[in-house]
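In what follows, a structure is listed as structure tokens, so that the remarks can point back to it.
The values are calculated or read from the model by the stated rules, or taken from the named source; none is laboratory data. For clarity, every value in this text was computed on a predicted model and none was experimentally measured. Cβ coordinates were reconstructed from backbone atoms using ideal geometry, including for glycine residues, and neighbour counts include every protein chain displayed. Heads up: the accessible areas ignore ligands, DNA and RNA and are worked out on the full protein's heavy atoms, side chains in. Shrake-Rupley method; radii C 1.70, N 1.55, O 1.52, S 1.80 Å.
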Protein chains: 6
Amino acid sequence: MSTSYSLTHVNANGEANMVDVSDKAVTHRVAIASGQVLMQPSTLKMIKDNSHKKGDVLAIARIAGIQAAKKCGDLIPLCHPLMLTKVQIDFEFASDSSGLIIHGLCKLDGKTGVEMEALTAVSVACLTIFDMCKAVDPGMIISNIHVREKQGGKTGHWQRETNDRQG
Amino acid sequence: MSTSYSLTHVNANGEANMVDVSDKAVTHRVAIASGQVLMQPSTLKMIKDNSHKKGDVLAIARIAGIQAAKKCGDLIPLCHPLMLTKVQIDFEFASDSSGLIIHGLCKLDGKTGVEMEALTAVSVACLTIFDMCKAVDPGMIISNIHVREKQGGKTGHWQRETNDRQG
Amino acid sequence: MSTSYSLTHVNANGEANMVDVSDKAVTHRVAIASGQVLMQPSTLKMIKDNSHKKGDVLAIARIAGIQAAKKCGDLIPLCHPLMLTKVQIDFEFASDSSGLIIHGLCKLDGKTGVEMEALTAVSVACLTIFDMCKAVDPGMIISNIHVREKQGGKTGHWQRETNDRQG
Amino acid sequence: MSTSYSLTHVNANGEANMVDVSDKAVTHRVAIASGQVLMQPSTLKMIKDNSHKKGDVLAIARIAGIQAAKKCGDLIPLCHPLMLTKVQIDFEFASDSSGLIIHGLCKLDGKTGVEMEALTAVSVACLTIFDMCKAVDPGMIISNIHVREKQGGKTGHWQRETNDRQG
Amino acid sequence: MSTSYSLTHVNANGEANMVDVSDKAVTHRVAIASGQVLMQPSTLKMIKDNSHKKGDVLAIARIAGIQAAKKCGDLIPLCHPLMLTKVQIDFEFASDSSGLIIHGLCKLDGKTGVEMEALTAVSVACLTIFDMCKAVDPGMIISNIHVREKQGGKTGHWQRETNDRQG
Amino acid sequence: MSTSYSLTHVNANGEANMVDVSDKAVTHRVAIASGQVLMQPSTLKMIKDNSHKKGDVLAIARIAGIQAAKKCGDLIPLCHPLMLTKVQIDFEFASDSSGLIIHGLCKLDGKTGVEMEALTAVSVACLTIFDMCKAVDPGMIISNIHVREKQGGKTGHWQRETNDRQG
């Protein structure tokens, strides 16, 4: 029943604060998030062709995503600052040529989960791709950013169900 | 034909650089972007109820979005630094209760467009909402982030067509 | 006798450096700081009335204070970077209507105290309140920012004496 | 009458946004703010003596204040980003040996005032002095931070009255 | 005669401040800086080979350099914040295989020169190359970082003499 | 043989990612880096004379270097964020009056080495000296930035050989 839940960052008076994780155990944490940029097939082809030569569009989006993961605590007000031990960004061309899929993986030995870091990495990688392609395709859509899987902490292993809602 | 287009941030050798806007005219620029967070109706209700009392979830997401707009040049590698003259974030509850819609508006008198700032504001507002509700609804999806409208610069007024692809 | 003291961040040659905490023990640290913004009763009333409706002035100051605590190592040159486990900002209306009192609490399991983080959180919350009210009350004064209490580390529990100097 | 005022950063719904300054004129702006750190005479003497030799405590506080002025838009959520043309920090030893007085001056040719930048510079300079002296004097108080004078913009020249409230 | 010069950032009392550029004219500014990373021929070959395939080492160093140019005012205490209109990073393999040469170009319409931005871009690009290759060549040396040429402002066009000191 | 080496930040596909240090042991790490700014003897004399009075040029460069060490993970894309326990910057006047030598020392108990932090501290200290003296000596050269010594981690103690290449 939903009354047993509560918005964790809002205290009894409805005021926001950074929740206390002092007494949480340090465990190994992993989170994987994904998202995609829907674009015209011709735009996708330009990225592909460029990646065959110099790879810069994807290389830049990858770097932007990695750096954003490290800035998560600065961007999301109530996120705890974290010392990430691993950030990885991978790209996949959608099989139906509708766009580019971005995956972000973050690892940490710490007291809080790292899904926000993975989501932030994916979001900023998507924005960077948008920025580099907007001159040729201003109608792109950043879509379907979600957590795929997370490990560690009290909830243990969590995996998104396949037939979940689609963004 | 696609050969008339080019990825503007990549030079003749496929190498990325911050494009030269020195000779562009300073014009008044406006951009509006939107996005949404798909969530369970019970999560949406919690945000609504909280907003009726203290409004903190939306207030925090609004602040996070505004601050992110100002950090756009730091997050997106090839974006020019800009002096925004206005940032506004608005929220709308989806009529079908599927989630929360976020609108971001940025203004500037400058040499480059501000759609990346508006998109960044919307993305980080979405991430902040995700962060604050993830304990009750880890399966949320950030979706349909796009530019709705932009004004100013050489291309003048651009508006997204209504029946465009859906994210 | 004062000759037994020394300014800890200045070395034998009077040169500043970030002191070595490598060999300090990791202990649980807490610090509480307070400060206030003196303002006209009518300004205070506006904040109160707004807080009864949407709470935005205080909500924004709270967020600004929390984010500032995380940036302390970036703002104060010789502060060590820290991984805070908790930040909380509370507001109190002065009983004599002279202004708004801000309390900031920071927690950490680490090698250095967190009073600078708590003081920075309070200072930036005060500045944010000033910013939002300066159009109606440009003569506000930020005052009496001090450490109330700290725990952890070699000095153990320290508490400010009640009849201490008043700022 | 107070009903003629309004909190400028809060819109008709009580929601905060960065106000639109697009149509404001670019004028030359100056703001001077002051504040002080109340400390024990022996602490003040240590700073004085150190300043006679290497001057590091004040030099570091000066740098911290200057850098903080440049970060004001990042620290105060609804501040516009600005391109400061001048930042100056000056120190004065209180005539009654009660502490150190800090003055901050900021200049800009722009659309918004620079008092928040001057106040932020002073606040962070105070925090830096606190940080460097806290080992010998944990009971210091940061006090009386206020705007002394501002020029430029629609309100023209504004100066604090001498017998104003004391913080 | 050297007595006619002065260290511009230090005032009459030897105190540092951000110099006042309010009354300087806005002119078009360009600065080009260069530097190099001396490395073993085998390390250089690895970068070359990688660049023939995916180009990531140089792509990452390029992005790091561009982003650092935008952060110059945050890194160098007395630098004015600037709105760069162009940043470009180019790489050259030293003809004697002793290492990699990095060139950085910055442009601005503003009141202050941009050589610090160009030098910062080159320095951070060098550091990034060091970071990526240090596992195979820990003895690399970053060397000969200098301004090659600058235009704009009161001094007009300045060019480094060819037979100048070598770093 | 060089085929046994690999660029650690580039994966099998030549793509860059932040390497996984989750399974590395936490050890005590120290790194010392050095660099120098070659300048005219008259410029060096001005710094010396100023340092005899107020010491500001070196004090500012020291602070800039310390703060830059803390920002290393933000500047160098694939660096892990670190919690430094000690940063120290020292200056030495070259015995042949050719310029100023800067030494940077960083310490950490962690999973990754700190040589990039030490190199970044030295680089930004050099840039700050350049900034403050460029009005009198625009032809300065930043040179010979290298790691002198490092301890901790799997490679243990590493020291640069004396007769190594000179930058």
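Structure values in brief
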{"item": "Of all chain E residues, the one whose C-beta is nearest the axis that brings E onto B, in angstrom", "result": "E:M83, 4"}
{"item": "Of all accessible heavy-atom area on chain E, the percent that carbon and sulfur account for (1.4 Å)", "result": "49"}
{"item": "For region F:65-71, Karplus couplings with θ = phi - 60° (6.51, -1.76, 1.60), whole Hz, Gly/Pro x", "result": "x, 5, 5, 5, 4, 5, 9"}
{"item": "Long pairs among C:K111/E:K71; B:K111/E:K70; A:K154/B:K45; A:K71/A:K107, criterion Cα-Cα beyond 22 Å", "result": "C:K111/E:K71; A:K154/B:K45"}
{"item": "Chain D: C-alpha pair distances exceeding 25 Å, %", "result": "38"}
{"item": "Per-residue ³J(HN,Hα) for region F:82-91, Karplus 6.51 cos²θ - 1.76 cosθ + 1.60, θ = phi - 60°, Hz, x for Gly and Pro", "result": "9, 9, 4, 9, 6, 9, 9, 10, 10, 10"}
{"item": "Inter-chain shielding of D:92-100 (mean C-beta neighbours from other protein chains, 10 Å cut-off)", "result": "0"}
{"item": "For the pair C and F, total buried accessible area rounded to nearest 100 Å², probe 1.4 Å", "result": "1500"}
{"item": "Relative contact order (%) - region B:101-166, alpha-carbon pairs under 8 angstrom, separation at least six", "result": "27"}
{"item": "Inter-copy label distances at A:F93 (7 Å, Cα→Cβ; nm, one decimal)", "result": "2.8, 4.5, 6.4, 6.4, 7.3"}
{"item": "Teacher prompt: D:T155 distances to equivalent labels in other copies, 7 Å Cα→Cβ, nm", "result": "3.8, 4.0, 4.0, 4.7, 5.7"}
{"item": "Cα centroid of region F:30-87 to Cα centroid of region C:20-96, whole Å", "result": "31"}
{"item": "Peptide A:68-75, shielding by other chains (average Cβ, 10 Å cutoff)", "result": "6"}
{"item": "Chain B - accessible surface per residue (Å², probe 1.4 Å)", "result": "36"}
{"item": "Relative contact order [Cα under 8 Å, 6+ residues apart], chain C, whole percent", "result": "34"}
